[in-house]
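S.K.: First the structure, which I've put down as structure tokens, then a few questions once you've had a look.
The values are calculated or read from the model by the stated rules, or taken from the named source; none is laboratory data. This structure is a prediction, so every number in the text was calculated from the model and none was measured. Every residue, glycine as well, gets a Cβ built from its backbone with ideal geometry; the counts of neighbours run over all protein chains shown.
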């Protein structure tokens, strides 16, 4: 395989759908409509477990690459000095919204797996992601441009 960088997912996706290349790594939320309309054939999802949105698609781990977990995620952040009361109130409202049946169903239908954790859990998740990718960057000898 040859990695071909694009200026964003849009141009890359357009060329994939036009048959200009044959493989694409992308966020399921941006691809699920193409999968459901049979314009794109998924090979695997890169999460630790199958997506509840498309449970018929196996994981990369199931396909034979143990430990291969790459996830896209969304999170909310405030300035480090934000008052704890503000952090807690915003967090509780976001978690409440994510647990509402309507929003939860809409997010899952669109390929997103809502979590809604505590600020401490999200911080720990981010720290783990930074450590994981730092190892990959170092092992691959990747340098910033």
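S.K.: Since residue 75 meets every condition but one in (1) surrounded by 13 or more Cβ atoms within 10 Å (Cβ to Cβ); (2) more than 20 Å from residue 3 (Cβ to Cβ); (3) touching a helix residue (DSSP H, G or I) at 6+ places or on another chain (Cβ under 8 Å), which condition does it not meet?
M.R.: Residue 75 satisfies every listed condition except (1).
S.K.: OK, next. List, please: which pairs have Cβ atoms under 9 Å, are six or more places apart or on different chains, and start with a residue in the range 118-130 that is under 14 Å from residue 92 (Cβ atoms) and end with one that is surrounded by 13 or more Cβ atoms within 10 Å (Cβ to Cβ)?
M.R.: Partner pairs satisfying both residue conditions: 118/91; 118/95; 119/87; 119/91; 121/115; 122/91; 122/115.
S.K.: Have a look at 50, 41, 36 and point out the one that is over 21 Å from residue 136 (Cβ atoms) and surrounded by fewer than 12 Cβ atoms within 10 Å (Cβ to Cβ).
M.R.: Only one candidate qualifies: 41.
S.K.: Looking only at the range 1-33, which residues are in a loop (DSSP other than H, G, I, E, B) and touching a residue at least 12 places away in the same chain (Cβ under 8 Å)? Let's see the steps before the verdict.
M.R.: From the range 1-33, those in a loop (DSSP other than H, G, I, E, B) are 1-8, 18-27; that's our starting set.
Correct list: 1, 4, 21, 23, 24, 25, 26, 27.
S.K.: Just wondering, is there one or more residues in the range 104-116 that are surrounded by 11 or more Cβ atoms within 10 Å (Cβ to Cβ) and modelled with pLDDT of 95 or more?
M.R.: Going through the range 104-116, the residues surrounded by 11 or more Cβ atoms within 10 Å (Cβ to Cβ) turn out to be 104-116.
Narrowing the set further to residues that are modelled with pLDDT of 95 or more leaves none.
No: the range 104-116 contains no residue that is surrounded by 11 or more Cβ atoms within 10 Å (Cβ to Cβ) and modelled with pLDDT of 95 or more.
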